[in-house]
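The values are calculated or read from the model by the stated rules, or taken from the named source; none is laboratory data. Just so we're clear, the structure is a prediction, and the values are computed from it rather than from any experiment. Here the Cβ positions follow ideal geometry from the backbone for every residue, glycine too, while neighbour counts run over all protein chains shown.
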Amino acid sequence: MFAVRPWSFPASAMPVAVTLAYLFWRGMEIDWLSGVWAIINVVVFHAAGNVWSDYFDYRKGVDAEDTFGAKTMTSGEFTPREMLNLAIGLLSAALAMGVGLMLRAGLPLLWFGLAGALTVVLYPRLKYSALGDVDIMLAYALLPTLGTSFVATGCLQWEALWIALPVGLITVAILHSNNTRDIATDNRAKISTLAMNLGRNASKWLYAAEVLLPFAWVVGCAFAGVFPLWTLLTLPAVVPAWMGARDMLRHDEQSADTIANLDERTAKLQLMFSLLFTVSFIVASLV
């Protein structure tokens, strides 16, 4: 179970949950079975992506005994072959589930499934070329939001993208906190990440923006009438967001251990924010 990093699953599951709640608030008729199916499907894709990424990080030398990354192979707990087989097995299961969901929802879902599979398979190469953040925004914000709107209602609901940005920014911050912490070791492995290209100081401010701007977005959309005012229920999550931003801004190259677990903390922030976001749409639709 540890090999698939289950603590990160809110990053994939919650965009689907928020989308379903948003569609419910909009008064649309929802295929709830397909919605739940989509949540499970995207989590299996996510698990496959985590293992696939860890395998290539080990092969590339990104993950070593002295790095903060996954210890599944550097500790000897799993062999590279075992991790590769696990990744292929999970990806195969995710694709099989996707085909089943496509048969239920319609052929257009094929394109979302193929795009999702590509974001998994190409992620290591994109990550090493400073495009990992773009891949994550696509895989865990834009694609799940639009794909869920299709399987749940039978057609694309483009307005659902209003909710994709705040959820997606916090999800991208999970990766960005990891890459900012690992600038030195990633440089040693001769890869390129957005954090490396920006430099440590700019990367710290980018992380702060990624976890704090979603709250400004929700407030703005709520008062503009795009979201119900009930979405202000997300504001308590600004406390852990502020604490994470504070820790990121305070750390330096000699104190990377102070943000050693910031990726996990950011995943918990994403879960808290998205749960409150989901509940707010449900409450708004019922009162």
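One table, with the values for the structure above:
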{"read-out": "Per-region count, region 258-275, residues more than 17 Å from the chain's Cα centre (by Cα) and touching a residue at least 12 places away in the same chain (Cβ under 8 Å)", "value": "2"}
{"read-out": "Residue within region 186-204 that is over 16 Å from A267 (Cβ atoms), in contact (Cβ under 8 Å) with a residue 24 or more places away in the chain, acidic (D, E) and buried (at least 18 other Cβ atoms within 10 Å of the Cβ) present", "value": "yes"}
{"read-out": "Among (1) closer than 25 Å to L23 by Cα; (2) of a type in the set (D, E, K, R); (3) buried (at least 18 other Cβ atoms within 10 Å of the Cβ) - the single one D263 does not satisfy", "value": "(1)"}
{"read-out": "Filtered residues of region 43-56 (kept if of a type outside the set (F, W, Y) and either in contact with a Phe, Trp or Tyr (Cβ under 8 Å, 6 or more places away or on another chain) or over 17 Å from S8 (Cα atoms) (or both))", "value": "V43, H46, A47, G49, S53"}
{"read-out": "Which numbered condition M243 misses (of (1) free of Cβ contacts under 8 Å to residues at least 24 places away in the same chain; (2) touching a His at 6+ places or on another chain (Cβ under 7 Å))", "value": "(2)"}
{"read-out": "Residue identified as within 16 Å of V44 (Cβ to Cβ), out of contact with any Gly (no Cβ under 6 Å at 6 or more places or on another chain) and modelled with pLDDT of 90 or more among A164, A93, A117, A87", "value": "A93"}
